[in-house]
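Chemist: Pasting in a structure now, in structure tokens, and then I'll have a few things to ask.
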Amino acid sequence: MSFTALAPENEVVRSSHWPHAVEKWKAPLDAGTLARVVDRLRGMKPLEAILDDIGDVLGNQEPREHESEEIAQRLRGDLMRLVTIAVAAADDDAVVTELIQQARTLRSEELPGDNRKAIGHLRRMARVTNDLLARLAETGTTKEAICRPLPAPGR
């Protein structure tokens, strides 16, 4: 049994199990670029975590006043990430396009100082985040296996 396929010094790889010559694999990126990609991936939260942010707002217990700013920041980041995914994938679905516009508008607005208005703003952000995540999953733009987004009220 020959395992020359594992020998990195070979330019052409041979194996007793595969009679055809195969060129040695070459990394598509250099080591520095791969390290940067890995660092970025490690810092990225999974799409499932977006559902936690949505649930913090749309769940049974509304956020406490001192949590509003932190949750708003997380939702802004979630919206930015989903918009980036949709734009990068060139998703031209009309519903996605409308949700992108809503997301951009909500992200640009400041969190109101009044707690009731702040909760309303957070709920709008969470609903658009939920709807955009769900629509990207429906259109196949996000192929990650994620938990089912929360249903919209009245559905």
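Chemist: State whether the residues of segment 101-113 include one that is part of a loop (DSSP other than H, G, I, E, B) and either on the phi > 0 side of the Ramachandran plot or acidic (Asp, Glu) (or both).
Modeler: Yes, that holds for at least one residue.
Chemist: Are any residues in segment 35-52 aliphatic (A, V, I, L, M) and open to solvent by less than 70 Å² (accessible area, probe 1.4 Å), and if so, which ones?
Modeler: Within segment 35-52, the subset aliphatic (A, V, I, L, M) is 35, 37-38, 41, 44, 47, 49-51.
Hits for segment 35-52 are 35, 37, 38, 47, 49, 50, 51.
Chemist: What are the residue pairs meeting all of these: first residue in segment 37-52, first residue within 15 Å of residue 129 (Cα to Cα) and among the acidic types (Asp, Glu), second residue open to solvent by less than 60 Å² (accessible area, probe 1.4 Å) and at pLDDT below 75, Cβ atoms under 9 Å, and 6 or more apart or on different chains?
Modeler: Cβ pairs passing all conditions: 48/146.
Chemist: Return a yes/no flag: does segment 65-73 have any residue that is modelled with pLDDT of 90 or more and among the hydrophobic types (A, V, I, L, M, F, W, C).
Modeler: The answer is yes, given that some residue of segment 65-73 is modelled with pLDDT of 90 or more and among the hydrophobic types (A, V, I, L, M, F, W, C).
Chemist: Quick check on my filter: what residues within segment 83-103 are at pLDDT 95 or above and open to solvent by 30 Å² or more (accessible area, probe 1.4 Å)?
Modeler: Listed by number, the residues that qualify are 98, 101, 102.
Chemist: Where residues in segment 103-119 are touching a residue at least 12 places away in the same chain (Cβ under 8 Å) and over 21 Å from residue 49 (Cα atoms), which of them is farthest from the chain's Cα centre (by Cα)? Explain how you work it out, then say what you get.
Modeler: Filtering segment 103-119 for residues touching a residue at least 12 places away in the same chain (Cβ under 8 Å) gives 103-104, 106-107, 109, 111, 115, 118-119.
Imposing the further condition that a residue be over 21 Å from residue 49 (Cα atoms) reduces the set to 109, 111, 115, 118.
Details: 109: 22, 111: 23, 115: 29, 118: 25 Å.
Only one residue fits best here, namely 115.
The values are calculated or read from the model by the stated rules, or taken from the named source; none is laboratory data. It should be emphasised that the depicted structure is a prediction, and the values quoted were computed from it without experimental measurement. FYI the Cβ positions are ideal-geometry reconstructions off the backbone, even for glycines, and counts take in every protein chain you see. Ligands, DNA and RNA are stripped out before the accessible areas are found, and what is left, the full protein with its side chains, is counted by its heavy atoms. Shrake-Rupley method; radii C 1.70, N 1.55, O 1.52, S 1.80 Å.
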